[in-house]
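First comes the structure, then the notes that go with it.
Each reported figure results from applying straightforward, stated rules to the coordinates on display, with no laboratory input. Note that the structure is a prediction, hence the values are computed from the model and not measured. Cβ placement follows ideal geometry from the backbone for every residue including glycine, while neighbour counts extend to all protein chains displayed.
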């Protein structure tokens with residue numbers, strides 16, 4: 001996945017979403033790979049595939065590597081729950097490390 005991320009990032013510098021059968025990944029413009037989940041609790045402990053469900057409270061980003069960073073993005077009331085690459089990346093930029 002890391003090599004693919006580097007190749008994709010070096011071509012045009014835009015974020016990408018890679019969806020596998022049971023996982024969704026964000027590839028940042030710099031080639032960082034983040035697994036993306038949604039959660040209906042503020043701590044992001046109960047995790048499931050990202051969706052556009054308006055009741056979702058938290059988006060969880062888990063970095064790659066031996067000691068992955070976990071970042072949480074808390075949705076504001078009425079904020080759309082988009083699953084586009086651009087929106088994921090914007091949320092990642094505002095997410096807080098746990």
**Asked** Roughly what would the spin-label model give for residue 55 and residue 67, points 7 Å off Cα along C-beta, in nm?
**Response** 3.8
**Fill in**
Inverse of <1/r> over all distinct C-alpha pairs of the range 2-97, i.e. the Kirkwood Rh in Å, gives 13.4
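What's the ranking of 34-41, 70-77, 16-23, 81-88 by average number of surrounding C-beta atoms within 10 Å, highest first?
Ranking the peptides 34-41, 70-77, 16-23, 81-88 by packing returns 34-41, 81-88, 70-77, 16-23.
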**Fill in**
To the nearest 10 degrees, the tilt of helix 2-12 (Cα long axis) against the first principal axis of the alpha carbons of the chain is 80
**the chain: most fluctuating residue of 42, 53, 12 per GNM, C-alpha cutoff 10 Å** = 12
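Looking at the range 31-84, what % of the alpha carbon pairs are farther apart than 18 Å? It would help to have the intermediate numbers written out before the result.
Numbers: 402 of 1431 pairs.
Counting pairs separated by more than 18 Å, the tail of P(r) holds 28 percent.
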**Request:** Post the alpha-carbon centroid distance, the range 74-98 to the range 22-71, in whole angstrom.
**Result:** 10
**Item:** Gain in span if fully extended, residue 12 to residue 40, counting 0.36 nm per residue against the direct Cα distance
**Value:** 6.7 nm
